[in-house]
Amino acid sequence: MPDTATSSTLVRGACPHDCPDTCALLTQVENGVAVKVSGNPAHRHTDGVLCAKVSKYTERTYHPERLLHPLRRVGPKGSGQFERISWDEALREIAARLGSIAQRNPEAILPYSYAGTMGLVQGEAMAGRFFHRLGASLLERTICAAAGGAGLTHTLGGKLGMRVEFFAEAKLILIWGSNSIGSNLHFWRLAQEAKRRGAKLVCIDPRRSETAEKCHVHLALRPGTDAALALALMHELIRHDWLDHDYIEHHTVGWAALRERALQWPPERAAEVCGLAVQQIRDLAHDYGQCLVRGEPAAIRLNYGMQRVHGGGNAARAVACLPALIGAWRHRAGGVLLSSSGAFPTRHAALQRPDLLGPRRPRLLNMSTIGDILQHPGDTAWGPKVEALLVYNSNPVAVAPESGAVVRGFARDDLFTVVLEHFMTDTADYADIVLPATTQLEHWDIHTSYGHTDVLLNRPAIAPLGEARSNTQIFRDLAQAMGFDDPCFADSDETLCRTAFDGVLDFEVLLRDGFASLPLPEAPFAQGHFPTPSGRCEFYSVALQRSQGDGLPDHVPNHETAGSDARYPLAMISPPARNFLNSTFVNVRSLRNIEGEPVLEMHASDATARGLRDGQTVRVFNDRGSYHCVLRINGRAREGVVNSLGIWWRKLGLNGTNVNELTSQKLTDLGHGPVFYDCLVEVSAA
Ligand code: SF4
């Protein structure tokens with residue numbers, strides 16, 4: 001069992017959640033009970049401040065509905081009827097079922113996990129070893145960031161960018177596809193500092209979010225049109241010769257071709273596509289170009305909202321080209337940041353041990369299409385029907401797209417499902433066996449970040465509650481029950497933490513301080529040296545030319561383009577409700593009370609056209625399903641677009657569904673990601 005800190009009442013840890021800020025935590029423990037979780041003031045990115053969600057972490061940890069012992073389903077799938085069983089019974093039953101399936105074909109077993117914890121150890125370390133040893137199907141983990149990550153990698157060479165701390169020195173900040181106040185709070189503090197020093201803040205987001213209303217300028221473009229806007233900005237930079245010709249010549253590739261492409265996108269054309277005024281685009285290009293003229297840093301904080309559409313990869317790529325055009329990378333406060341996760345030299349293979357596969361090469365199944373996967377009958381080309389599913393660090397029945405299809409898959413009587421969880425989520429309701437997992441306060445872990453470049457160590461602050469076990473311990477126990485005697489299954493959690501950056505970072509520093517910074521340059525691409533195949537910023541990508549037939553970024557229209565279906569005239573996006581994080585925290589009463597009920601934001605003219613009024617319950621629907629929520633006409637939605645704030649648990653919503661009842665399983669242009677914000681709907685009174 002995990003070690004428990006006993007010598008200190010203040011235990012250093014890390015926030016485990018899917019958030020770019022990766023805060024350093026301090027947990028105050030009294031008589032073995034965690035009484036308060038706060039931000040570590042010694043960690044410069046956290047600066048002693050946590051968001052409202054994680055400030056409630058003790059409420060979540062000691063929640064009266066916390067799962068404290070293993071359960072076996074006794075009612076129909078989805079009914080939530082379970083009986084208590086012992087760990088021995090649970091492990092025996094799981095091992096027997098998996099063993100018999102594996103004898104026929106281990107690829108009929110599928111792990112399903114994502115960022116319920118971002119920890120490297122409780123994430124895929126021991127779990128990876130277990131599934132590799134088993135020879136199970138591999139999961140293509142695409143559900144959040146795959147399209148943008150691919151776009152960035154094809155342009156800059158990796159998930160790399162500006163160091164977040166230098167945004168405070170920028171003179172122009174484009175906050176693109178992000179409600180930073182809700183989802184990137186510590187970046188927002190830096191943006192405010194920049195604002196106090198005279199920086200202009202521009203928000204580019206279909207929704208007039210809390211962040212948008214605090215910026216100097218808000219461009220409420222249509223969902224899925226970001227690449228068109230970026231190309232029009234390039235057009236204007238070219239037309240006015242706001243270009244750093246020296247930087248372009250020495251540190252980029254494909255300029256002549258990109259120039260041709262951008263010249264096809266005058267602001268008038270982009271304005272039509274984006275639903276913006278021509279002057280808004282011209283003004284933004286002027287602001288961006290003037291940073292070059294004045295020698296001032298221009299910074300772009302791109303976030304993942306904008307890449308959840310068909311053309312999400314191309315959009316991220318187009319935006320990532322912009323800094324090179326004006327030589328913004330020359331400044332430490334210039335460039336773009338979508339993700340910093342590629343900066344970490346994590347020893348993933350040492351943690352997850354893909355070598356345990358031996359010569360086997362299991363198929364790869366995309367988590368964003370889990371609904372279709374679970375309903376696939378299996379065939380020679382696709383492989384065997386999925387017979388067993390092990391879910392950890394995820395709640396797919398709530399968060400995966402097209403949840404009607406997902407539910408039909410999970411409801412299969414012949415599917416054996418095991419769920420590792422803290423609570424009886426929508427997914428746990430469909431499990432055959434539920435295993436109680438520890439929270440971040442009860443186990444070891446080590447964390448990288450996708451918003452800064454520090455490594456954080458999480459020590460257990462309290463003993464596991466009830467009979468809860470860490471994910472690592474559960475997979476160790478399962479390995480033993482399956483007869484896997486490889487020595488790697490004996491590694492302790494602390495050993496796994498040490499393994500993650502062995503030879504790269506001094507673990508003693510992590511033990512002492514709880515965090516350590518990577519030694520990185522302040523301005524990563526000031527002299528070029530992009531880790532791309534050409535060593536330059538790749539406006540043109542040979543790899544994309546080969547795989548996609550187009551080596552340049554372009555505007556790729558949505559699968560469900562506005563105006564393409566008269567039955568569903570409204571585009572819907574589903575940004576996170578401020579007090580939830582994906583589907584985590586929805587069952588924390590104090591946070592749910594703030595959110596109230598599932599909300600749909602609509603423009604006043606769209607509401608009037610449908611005879612709808614603020615506060616009434618409405619039905620949002622398309623061919624995939626329908627979802628009930630409360631209408632808000634609050635100025636946050638632009639005309640033609642509705643914002644459905646997520647992600648509610650289905651069973652805590654108004655009609656037993658959530659917004660993913662409406663989203664589709666179609667995929668992005670690059671990275672095989674989901675298209676949550678590429679979705680047409682209609683709305684009527686419920
Ligand atoms: S969710 Fe984000 S802002 Fe909140 S504590 Fe965790 S890392 Fe910090």
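The values are calculated or read from the model by the stated rules, or taken from the named source; none is laboratory data. Just so you know, these numbers come straight off a predicted model, no measurement behind them. Positions of Cβ are backbone-derived with ideal geometry, glycine not excepted, and every protein chain shown enters the neighbour counts. Side chains included, ligands, DNA and RNA excluded: accessible areas come from the protein's heavy atoms. Shrake-Rupley method; radii C 1.70, N 1.55, O 1.52, S 1.80 Å.
Each residue of region 168-181 was assigned a 3J(HN,Hα) from its phi angle through the Karplus curve 6.51 cos²θ - 1.76 cosθ + 1.60 (θ = phi - 60°); the sequence is 4, 9, 6, 9, 9, 10, 9, 9, 10, x, 8, 9, 4, 4 Hz, with glycine and proline shown as x.
My understanding is that a pair violates if its Cα-Cα distance is over 26 Å; which of Lys159/Lys666; Lys53/Lys214; Lys53/Lys171 do that in this structure? Before the final figure, lay out each step's value.
Numbers: Lys159/Lys666 24 Å; Lys53/Lys214 21 Å; Lys53/Lys171 31 Å.
Over 26 Å Cα-Cα: Lys53/Lys171.
Taking amide H positions as modeled 1.01 Å from N, with prolines and chain starts lacking one, the residues under 5 Å from Thr657 and 5 or more places away or on another chain are His628. The phi torsions of region 374-382, fed into the Karplus equation with coefficients 6.51, -1.76 and 1.60 and a -60° offset, translate into couplings of 6, 9, 6, x, x, 7, 4, 6, 7 Hz, rounded to whole numbers, with Gly and Pro shown as x. With both labels modelled 7 Å from their Cα along Cα-to-Cβ, the Arg589 to Asp413 distance reads 3.8 nm.
Give the distance, in whole Å, between the Cα centre of region 201-227 and the Cα centre of region 638-685. If you average the Cα positions of each part, the centres end up 19 Å apart. Computing FRET efficiency as 1/(1 + (r/R0)^6) for Glu30 and Val217, where r is the C-beta to C-beta distance and R0 is 41 Å, gives about 0.25. Overall, the anisotropy analysis places the chain in the prolate class: the square-rooted eigenvalues a ≥ b ≥ c of its C-alpha gyration tensor yield a/c not less than 1.5, with a/b exceeding b/c. Per-residue 3J(HN,Hα) values for region 54-68, derived from phi via the Karplus relation 6.51 cos²θ - 1.76 cosθ + 1.60 with θ = phi - 60°, read 7, 4, 9, 5, 5, 4, 6, 5, 9, 4, x, 9, 4, 6, 10 Hz in sequence order (x marks Gly and Pro). To put it simply, the accessible area of region 93-138 at a 1.4 Å probe is 50 percent carbon and sulfur.
Axis of helix 87-104 versus longest Cα principal axis of the chain: the two differ by about 70°, to the nearest ten degrees.
Neighbours of Lys200 by Cβ distance under 13 Å: Lys/Arg scored +1, Asp/Glu scored -1, total +3. Placing +1 on each Lys and Arg Cβ and -1 on each Asp and Glu Cβ, with no other charges, gives the chain a dipole about its Cα centre of roughly 700 debye.
Residue separation of Arg567 and Trp382 scaled by 0.36 nm, minus their Cα-Cα distance, works out to 63.1 nm of gained length.
What translational diffusion coefficient, to the nearest whole µm²/s, does region 260-408 have by Stokes-Einstein, given a Kirkwood radius computed over alpha-carbon pairs, a temperature of 37 °C and 0.692 mPa s viscosity? Walk me through the numbers on the way to the answer.
Numbers: Rh = 20.2 Å.
It diffuses with D of about 163 µm²/s by this estimate.
Applying the criteria of a DSSP loop state and at most 14 other Cβ atoms within 10 Å to the trypsin sites (Lys or Arg not before Pro) of region 514-577 yields Arg567. Per residue, the convex hull around the alpha carbon atoms of region 191-291 comes to 112 Å³. Applying 0.36 nm per residue to the separation of Thr617 and Arg363 and subtracting their alpha-carbon distance, the gain on full extension is 87.0 nm. Note on Arg92 and Ala257: with the Förster distance fixed at 45 Å, the Cβ-Cβ geometry gives a FRET efficiency of about 0.15. Near the amide H of Lys36, within less than 5 Å, lie the amide hydrogens of Gln28, all on another chain or at least 5 residues away, with H placed in the peptide plane. Ligands, DNA and RNA are left out, and with a 1.4 angstrom probe the accessible area of region 1-102 is 46 Å² per residue. Against the compact-protein benchmark of 2.2 N^0.38 Å, the Cα-based radius of gyration of region 1-95 scales to 1.43. When you filter the GluC sites (Glu not before Pro) in region 598-686 for DSSP loop state and at most 16 other Cβ atoms inside 10 Å of their Cβ, you are left with Glu639. By accessible area, using a 1.4 Å probe on protein heavy atoms only, region 384-525 has 49% of its surface on carbon and sulfur.
Comparing Cα centroids, region 330-386 and region 311-329 end up 25 angstrom apart. When both region 134-173 and region 45-79 are represented by their alpha-carbon centers, they are found 28 Å apart. Adding -39500 (n - 2.57) for every DSSP H run of four residues or longer, then dividing by how many residues the chain holds, sets the calculated 222 nm ellipticity at -8000 deg cm²/dmol. Taking 16 Å as the cut-off, the amide N atoms of region 416-442 that come nearer than this to a point 7 Å along the Cα-to-beta-carbon line of Ser100 belong to 416-418, 432-433. Take the Cα of Asp502, go 7 Å toward its beta carbon, and the backbone nitrogen atoms of region 335-354 under 15 Å from that spot belong to 346-354. Remark on Glu421: its backbone amide H falls under 5 Å from those of Leu435, Ala437, a criterion applied only to residues 5 or more positions apart or on other chains, H modelled at 1.01 Å from N.
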